[in-house]
Amino acid sequence: MDTALAQLHDRLSALEQENALLRSRLQSCEHSYALLQLSVSNASEHRLLEATAQVASALLTISPLDQAVNTALQIIGESLQTDRVAVIENSAPSFNSASTGWKVLYEWTSLYATSQISHPDLAQGTWEGIEEWYERLSQNQSISCLLEEMPEPFRSGQAELGLKALYAVPIFVEDKYWGVIGFDDCREAKRRSPAELSVLKIAADCIGSAIQRDRTQQAILEAEQARSAELEKVNKALKRTVDVLAMETDLDHFLGQVLRVIADQLEAPLAEYWYHPEPANLAYVGLTYWQGQILKPEEQPGHVGSFGYPVPPAMIQQESLHHRRSHFTIEDMVNSPLLIQIAHESGLDAGAWYSSRGVSSLLNVPLILGDKTIGALVVFFPRSRLFTEQHIELAYALAQQVTLAIQLTRLAEEAKQTAIAREQEQAAQHQTAELARANTLLRNSLSDLSTNPNLNDVLGHLLVEVVRYSGASVGHIFSYDADQNTVNLTIRCQDEQHFFTPADDEPILFQAPIPVERTLIFSQLCDQPRLAVLNQEDFEGQLWQEASEWFQTRGYQGTSTCALMVGDRLLGLLAMAFPQPIAFSSVEEELVLALAQQIALVLQLTILGEADKQAALAKLNEVLAREGEVAALEQVAELAKANASLRRSVTQLSSTDSLHSFLVAALQGAIQSSRAATGAIFLYQSASHTLQMVALVLHGDVIDIATDPCAEIWRPPMPADLTQILQMIQDPDHQAIWFTRDQPLSETWQFSRPWHQRHGHKTVPMIPLAIGEQVLGFMGLAFTTPQPPSEFRFEQCRSFAHHAALAIQMAQLAEQAKDADLLEERNRMASEIHDTLAQAFTGISLQIEVVKSLVHEESQTVQQILKHISQLAEAGLTEARQSVWALYPLAAEYADLAQLLYESVEQMTRNTPIAIEVNVQGSPHSLPPFIGMNLLRIGQEAVTNALKHAQADTIAIELAYDSDRISLTIYDNGRGFTPPTTLDNINGGFGLISMYERCDRIGAQLSLSSQPGQGTQILVEAPLG
């Protein structure tokens, strides 16, 4: 574009010179005019000379051009006393004519003439038929012709305009025949003298030069505007990349942005960055922009540049690959002899590769860094492309930015390595100081351990040291009780002092043994001893709930924990809390672990000292052994009362039809046997995953939960996830859960504590209601006096709890079955339980009588009898459980529900063209028999409906197993139907009512999807909890 602009400027200069020549001619005309005034008396020539001067003056002084030309034509027309004056420009031949054309650009007409320019068909034409005129005009000869002398068809057109005589004077611009000025006489034909035509020739030249000069200036302006637009576009592109370079630290990302910009600016579908490390003449593709994506070499399998592409000197104009300075282009990559030769020699066919990407030509611009060339920007196009100087300039500018980015990245990497070396040196110095400090701390702690006989003081001193060194606010040591699988707070440190009791503001959780399963990190630390660090963003789900709230209240933002171990033996935990986020160095972590090891040694010494105490207490226990006889007799009396209560419970179980009445009776029996003040029964509702109180006896009174104000807080169902009570009672190891008002467990409901306090309750055990492995809820008892956990008392309460569970189970069975056979089986089960338990407890009564007669016998005999009593009771309960489970089929019958479904459906569709598919998702496992049986019947009913009504050729069944639920999907591609909106609208012929009823029995949800012509899908989701 710069070259074209320079040519336009040259033409403008030539026109200026021509203007000067015209001015000179004007002066010559004026001089001639003066001479003619002296020598010529012809008034016409005098008028023409004056008009010529006026024309030249108008063309030089009036703007814009259109006004100047129209003024000049008016002057000429009026001075010639003609009727029409027109400026006509030659034009190139059109597609339907080989002759040169002409067109009227400007026109002046008198009042007596018709306008030619207003008639499109007459305002332009060709020189066909008047070629002789064209030849004469092109040889700078004027034309003068009467209408009757003109050839056809040109004469007819002129006659239509009312022409009688025509005069044409040629216009030459830059020595080329450009057009003519036409003079038309329409009122009368006039013969113009040669002198008139000669003077008019000067005016014609002035008009032609003015028109061409204006066009040249316009072309220059348009070129400058186009260049400005191109430069603005380039500047915007450069600014975008500069902005990215200022903000982006990743070189690949910046290079991707540069490739995107150059592809957008040059309208190229593909652009790449290549690099070529010395000394080999191989280039490697580094990054590709294609179809809006930035791709790395590994994302383009088979790319010719992935492992190096050879670059011969012939490709880069015989320059060195690492020192070249020029760009180059390839117009046709597929047929390029050089690329074909490279493909033949190396097997790398660049033409074919890039042709598969839809491109065939390229522009390659070098990346120059100092005196070396380190790579190239390559832009690809689908066809041969003419590149403007602006395109090349933009490519070079972006190449310079890429080079700058690469250089900055190299410098940044060098600075980074320098900083790393400096940081490593400082870290080494810091590590040396830390090691010296660590050695001093360890030396002092070992000295204290060897000289101080009070191990608790040594333990406190070590805890203070580790808290002070680590910068913690508080520290705690928890000792591990392997028998109970709990941890207990042993000692704490705050404000550089140690204490053996929890602080008043610390969680209540610290005041009682804490089950280790509540500490998620406990097992991890046992498997891999280390210092575990958690900061505020990691607290959720990792800390005890009460500890998390305490952390938030105190503003602690970090915590560290490590296991205290001697060999493979776990002795406890060391935990610290920090006011700020923490990150220990390796030296700091090693020192904390070393001090923790010393704390573990002190705990081990403490345990060994405690063992000596236990040996001394053994002798004391022998003295107290006889006192155990009295306690045994008290237990015998308690068993007698329990026996009577259990007999009444069994009798009522077999005779009553009211579940609530029986639950209240069982609750009263448990309260009487255990001497509790209050009792309640909670049932687990699996469908809503809630716990609901169904029976309450408060200080001897049976409470109506629905109406009594004292039971108001227990009316709404409580989400089972509100605490971990449900999980704990489902754990076989937790046969009963005890908590006291002074040391409540964190798992208890917070809202219940004021209620227990208001009614004077101090100890509350919770006993699971279970049938086999299925937990139905729990029985809660409340005592107004502190009660330590008692296995003997628990066994009594468990008997009543089991009776309640049996009643609940039977009620659920009766509700689900709703037929006489199951009710009859319930009575049989209750009778059988009565018989088995009656026999067991009869034996207990006899054994009690024996014990009474042996009160003064040896205690060993009493213990044996009591053991036998316990065995009889356990045998009775086992018989009861077996009686309950005898109602159900074996679980093994439904172990492979998918196979049962397939066999059932295969039998129904045998000898039919219907295709059957059965798919299983998840890990199949045994199902509760009642659920398995109902799912099988639902599946059979759904398939039967499809066979009867759907006219399907494919039936698909899918079973999806999850840990807490199972889903069954039956789909057919039959004719479908419009599902009913309510159960009342169900057409009994489809058997849907039966499927809905079975879902209700097992607490499942049934979803039905169908449309006419679209098939049918039935989805059943059943909980397994």
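The values are calculated or read from the model by the stated rules, or taken from the named source; none is laboratory data. Worth saying up front: this structure is predicted, and the values here are computed from it rather than measured. Positions of Cβ are generated from backbone atoms using ideal geometry, with glycine treated the same way; all protein chains shown enter the neighbour counts.
A compact table of results
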{"quantity": "Residue within the stretch 375-389 that is acidic (D, E) and either outside any helix (DSSP H, G or I) or closer than 20 Å to A283 by Cα (or both) present", "calculated": "no"}
{"quantity": "Residue that is surrounded by the fewest Cβ atoms within 10 Å (Cβ to Cβ), among those in the stretch 555-581 that are hydrophobic (A, V, I, L, M, F, W, C) and free of Cβ contacts under 8 Å to residues at least 60 places away in the same chain", "calculated": "V566"}
{"quantity": "Boolean, E89 is outside any loop (DSSP other than H, G, I, E, B), out of contact with any strand residue (DSSP E or B) (no Cβ under 7 Å at 6 or more places or on another chain) and of a type in the set (D, E)", "calculated": "no"}
{"quantity": "Any hit, the stretch 506-523, residues being in a helix (DSSP H, G or I), of a type in the set (D, E) and surrounded by 15 or more Cβ atoms within 10 Å (Cβ to Cβ)", "calculated": "yes"}
{"quantity": "Single residue of the stretch 115-130 satisfying the filter (in contact with a Gly (Cβ under 8 Å, 6 or more places away or on another chain) and under 17 Å from L147 (Cα atoms)) that is surrounded by the most Cβ atoms within 10 Å (Cβ to Cβ)", "calculated": "W127"}
{"quantity": "Any hit, the stretch 337-345, residues being over 22 Å from F307 (Cα atoms), surrounded by fewer than 13 Cβ atoms within 10 Å (Cβ to Cβ) and touching a Lys or Arg at 6+ places or on another chain (Cβ under 9 Å)", "calculated": "no"}
{"quantity": "Options D495, D504, D538, D527: the member that is in the same structural domain as Y469 (by TED's automatic domain parsing) and within 32 Å of the chain's Cα centre (by Cα)", "calculated": "D538"}
{"quantity": "Residue list for the stretch 1011-1025, restricted to those being part of a strand (DSSP E or B) and surrounded by fewer than 19 Cβ atoms within 10 Å (Cβ to Cβ)", "calculated": "Q1017, L1019, E1021, P1023"}
{"quantity": "Any chance A956 is surrounded by fewer than 18 Cβ atoms within 10 Å (Cβ to Cβ) and at pLDDT 85 or above", "calculated": "yes"}
{"quantity": "Hits in the stretch 527-551 (condition: assigned to a helix (DSSP H, G or I) and modelled with pLDDT under 75)", "calculated": "D527, Q545"}
{"quantity": "Scan of the stretch 916-935 for residues that are more than 40 Å from the chain's Cα centre (by Cα) and modelled with pLDDT of 85 or more, ordered by number", "calculated": "N934"}
{"quantity": "Hits in the stretch 561-595 (condition: more than 21 Å from D527 (Cβ to Cβ), modelled with pLDDT of 85 or more and outside any loop (DSSP other than H, G, I, E, B))", "calculated": "M576, A577, F578"}
{"quantity": "Selection status of R554, in the same structural domain as Y469 (by TED's automatic domain parsing) and at pLDDT 85 or above", "calculated": "yes"}
{"quantity": "Enumeration of residues in the stretch 274-332 that are of a type in the set (F, W, Y) and either without any contact (Cβ under 8 Å) to a residue 12 or more places away in the chain or not in a loop (DSSP other than H, G, I, E, B) (or both)", "calculated": "W274, Y275, Y284, Y289, W290, Y309, F328"}
{"quantity": "Criterion: among the polar types (S, T, N, Q), within 41 Å of the chain's Cα centre (by Cα) and at pLDDT below 85 - qualifying residue of Q401, Q390", "calculated": "Q401"}
{"quantity": "Filter result (free of Cβ contacts under 8 Å to residues at least 12 places away in the same chain and either of a type in the set (V, I, T) or within 16 Å of Q580 (Cα to Cα) (or both)) within the stretch 522-552", "calculated": "E537, D538, S548, Q552"}
